[in-house]
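Novice: The structure under discussion is supplied below as structure tokens; questions concerning it will follow.
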Amino acid sequence: MMMTPMAGVQGARRVARAAWLADVAIGLVLLLAFLDLPNYLAALNPDFQPKRLYFLMAGVCVVHLAVSRRFSLRESRPGLLMLLLVYMLVNVMHAALGTHVAGSDAAREAWFRIQIVVLSILLAWSASTLSAQTLARLFAGCALLVALTVAFDFVVPGVLYPHSAEGAVPGRAAGILVNSTRTGEVLILTTLLALPVLDPRRRLWLMLIVGASVLMTLSRGAITIWILVYVALAASAWLPRASLGVLATLIAVMLSSAGLLVAYQASLNPAADVADLSQRLGFFSGDVPTDDSAVERTLVFIDGLKLFAQNWLFGAGVGATQVWQHAVGPHNQFVLMAAEYGLIGALGWLGLIVFVVSGGYFGVRSLQWVAAAVVVLFSGLMHGMLDFPFWIVALMLIASRPHRADFSSR
């Protein structure tokens, strides 16, 4: 039986509608990942297991890839996928051999890390099927949404999440992401991924809005990286060079009003550590950081390198830096990879950086170098890049070579 032209048109419309709905669904899933919603729900309800939402997100990605049929392996770079596969296999090896210190559940931690990587690969593959403009506008919307929640948290603290939640610090606004350091990471990452489709005026406004939000987090690392990104973008003409005057004015205002900012937060947060908040902003006035956080970062960095030196070939094992003598990890992604996975972990992380530097997400080398520098700088300040889907997806996108998402013509 022959199909009539009308039936053919209706069939094509149904396929197009299904593809559109699949794109909307994956857009929402990407938004949930970059908002770190699974962990936010866990902060509100300790009984909630983030993996439930992670599994649902993975299922949506699988359906999206099946419906869209626009996925190209070339965009994700087979070499990068191989590197992530080796990372997962090493986790399996450590869990199977039990190469871990007492008190560390290597099998559970390894399985968690593998699940995060698999979900992230599915998310990145699904994201690569979206048009360049759709993807970048999605990230712009995400950056603005996070900035809005940070501003709300700054003005009305304790409403979005309890200050007793894991990772929350009274006096440091974090918005929906709860952890102020993580908030700074998401704000800067999503802004970078959104910049190519924005005209210079909108780029400037987005950078300024994000900069104000990053300041509210009082994260020294994120504030410093935002300033460096701003200067780099202006130097490479992605922002008007005249806007450097705006940046200088903002820095001057920040330094002159640091005391008022701390006093305001202390008045809203009785549990806020005023001395810590003051030293954080004092860092930008040239003060040598001597607060507990700065001292702790130095100690864990040194001990992380010592742990690597003692187990340089195979590493101390999955989760070794979670049950050592410190209450926190090494605050350095390279040190964590080297300490827990040994030489293969150190080389693997350096290999990932090479893929990021040689990527082509932006289609313009100047912006690619800025993004790579941001990854390197953040990797020297934190150790959770491979524990959160938004980081792995961002890394895969920056390192990708999309054949459709060419921003260079803008």
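The values are calculated or read from the model by the stated rules, or taken from the named source; none is laboratory data. Please read these numbers as outputs of a predicted model, since none were measured by experiment. Cβ atoms come from the backbone with ideal geometry, glycine included; neighbour counts cover every protein chain shown. Heads up: the accessible areas ignore ligands, DNA and RNA and are worked out on the full protein's heavy atoms, side chains in. Shrake-Rupley method; radii C 1.70, N 1.55, O 1.52, S 1.80 Å.
Novice: For region 277-375, what % of the accessible area comes from carbon and sulfur atoms, probe 1.4 Å?
Specialist: 68
Novice: Over the chain, calculate the relative contact order: mean separation of alpha carbon pairs under 8 Å at least 6 apart, over the residue count, as a percent.
Specialist: Relative contact order, the chain: 20 percent.
Novice: Just order 196-207, 352-363 by mean Cβ neighbour count inside 10 Å, highest at the front, would you?
Specialist: Ranking, from highest mean packing down: 352-363, 196-207.
Novice: Quick check: net charge around residue 318, other residues with Cβ under 15 Å of its Cβ, Lys/Arg +1 and Asp/Glu -1?
Specialist: Residues near residue 318 contribute -2 overall.
Novice: How do 302-311, 22-31 rank on mean C-beta neighbours within 10 Å, highest first?
Specialist: Going by the mean number of other Cβ atoms within 10 Å, highest first, we get 22-31, 302-311.
Novice: Determine the relative contact order of region 301-410: mean sequence separation of Cα pairs under 8 Å and six or more apart, normalised by residue count, in whole percent.
Specialist: The normalised contact order for region 301-410 reaches 27 percent.
Novice: How large a share of the accessible area of region 40-190, in percent, is made up of carbon and sulfur atoms when the probe is 1.4 Å and the other protein chains stay in place?
Specialist: Summing carbon and sulfur atoms, their accessible area is 68 percent of the total for region 40-190.
Novice: Per residue, how many Å² of accessible area does the chain show with a 1.4 Å probe?
Specialist: On a per-residue basis, 44 Å².
Novice: While we're on this one: Please give me the summed charge of the neighbours of residue 255: other residues whose Cβ is under 14 Å from its Cβ, Lys and Arg +1, Asp and Glu -1.
Specialist: Taking every other residue near residue 255 into account, the sum is +1.
Novice: Do you know the relative contact order of region 171-288, to the nearest whole percent, from alpha carbon pairs under 8 angstrom that are 6+ apart?
Specialist: Over region 171-288, the number comes to 29 percent.
Novice: What is the packing order of peptides 369-375, 32-38, 252-258, taking the mean over residues of other C-beta atoms within 10 Å and listing the highest first?
Specialist: Sorting 369-375, 32-38, 252-258 by mean packing, highest first, produces 32-38, 369-375, 252-258.
Novice: Only helices at least 30 Å long along their axis, Cα-based, and averaging 1.6 or more on Kyte-Doolittle count here, so list those DSSP H runs from the chain.
Specialist: Qualifying helices, which must be both long enough and hydrophobic enough, are 132-155.
Novice: Under a 10 Å cutoff between Cα atoms, tell me which one of 45, 269, 179 has the largest fluctuation in the Gaussian network model of the chain.
Specialist: 45
Novice: Which shape class applies to region 268-345: rounded if a/c is under 1.5, otherwise prolate when a/b exceeds b/c and oblate if not, where a ≥ b ≥ c are the square roots of the Cα gyration tensor eigenvalues?
Specialist: Here region 268-345 falls in the prolate category.
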